[in-house]
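Notes follow once the structure below has been shown.
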Protein chains: 2
Amino acid sequence: MKEILGEEETRASPDDLHMHLGDLLESKDAADLTFQVGGEMFPAHGCVLAARSSVFKAKLLGAMGESSSSAIKIYDMEPGVFKALLHFIYTEKVSPVIDVAIASHLLVAADRYNIGRLKQICEEKLCSHIDSNMVATSLDIAEQHGFPRLKEACLRFLASPPNLEAMMTSNGYEHLKSSCPSVLKEIIAQILPAEWNAAKDIIMSI
Amino acid sequence: MKEILGEEETRASPDDLHMHLGDLLESKDAADLTFQVGGEMFPAHGCVLAARSSVFKAKLLGAMGESSSSAIKIYDMEPGVFKALLHFIYTEKVSPVIDVAIASHLLVAADRYNIGRLKQICEEKLCSHIDSNMVATSLDIAEQHGFPRLKEACLRFLASPPNLEAMMTSNGYEHLKSSCPSVLKEIIAQILPAEWNAAKDIIMSI
């Protein structure tokens, strides 16, 4: 047998799998299920979702084959976030224009459906765009959903008096205080001078 | 709105769309149709085939939704060729070990289902691996299915007396003679010296 094809260089046109699946999503051709998210409907393809997300796979495989015309309702998610999630699932691309709030929600959605690479991308981008307006919300998400890199980046940002003060006047602060009081203790503990280790222990034990 | 995501560099793990679809094909999860090719069965996903091939799209979209347990029979194709075709459809990859005969058949299959990039890859590889054993078959395929680059490469190879003689003793020669007599005339015409243009005209008009 003569081997003539393989991983060699090719002058063929670029890989078009992503584009074809993006077109499939847009066209809604052969969609076998519909999601309803906050009043908007999103037709989709069960096998693509199952291939890309272990969570969708577990949810959908049992229900596939059963003919049902009713939409699957998704709660606690904005339609725009679900749209971005679907777009990534089909194309591996994140929409080029997306604000910080959407990115935070997309991180949570990626975590909920276990889309590993989208989680990495969102976490990485949030880490590199921390400011006093969003740091409380990011820290909240990092703590509640378990994103250690994002948490560390937020704590690093807050290890500066003006950043900490600005965060305390931001919209997300009250929510952070009620949902994750322990992380506020960590903030205090980390800014105590090194010789006050005992004080750190006290704070963390309160 | 602050734009923070986009086409920037990322340190996230590599794109895994191809791998996920490859796994979907392997697992047969949520397959909604089955092809029967020469006694072998191949479960597959209609929406993926429709997204990737306009021919499958036209054939399958009408039939989708109709519950049918019978397999779709594919004629005139070896199971191994259909398997390689499906593998490319899901992953954009050609199996690393593939012989010349399979590559020729894969080119024909890619043409039949209009998988443009696979056609380009197969044609390119066949062009760069022409020898006297396969040139008659390649020329036959190039002529019958319309691959001008491959035809040109074969004619160039045959513009040498020893190559032409070796081709005439190869397995594919008799078939080429009966299926594409006109291309044999082209071979003769191209090796006539330039001053014999009139003779070329005679040959091509016979």
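The values are calculated or read from the model by the stated rules, or taken from the named source; none is laboratory data. In this text, all values refer to a predicted model and were calculated from it rather than measured experimentally. Cβ coordinates were reconstructed from backbone atoms using ideal geometry, including for glycine residues, and neighbour counts include every protein chain displayed. What goes into the accessible areas is simple: the full protein's heavy atoms, side chains included, and nothing from ligands, DNA or RNA. Shrake-Rupley method; radii C 1.70, N 1.55, O 1.52, S 1.80 Å.
The table below gives the values:
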read-out: Meets criteria (away from chain B (no Cβ under 13 Å), of a type outside the set (A, V, I, L, M, F, W, C) and part of a helix (DSSP H, G or I)) for A:Gln120; value: no
read-out: B:Leu158 being buried (at least 16 other Cβ atoms within 10 Å of the Cβ), under 30 Å from B:Ala58 (Cα atoms) and of a type in the set (A, V, I, L, M, F, W, C); value: no
read-out: Count - residues of region A:97-115 that are under 22 Å from A:Val55 (Cα atoms), assigned to a helix (DSSP H, G or I) and open to solvent by less than 40 Å² (accessible area, probe 1.4 Å); value: 7
read-out: Residue check, A:Leu150 at pLDDT 95 or above and either closer than 20 Å to A:Glu174 by Cα or facing chain B (nearest Cβ under 9 Å) (or both); value: yes
read-out: Hits in region B:33-92 - residues which are touching a Leu at 6+ places or on another chain (Cβ under 8 Å), open to solvent by 60 Å² or more (accessible area, probe 1.4 Å), assigned to a strand (DSSP E or B) and at pLDDT 95 or above; value: none
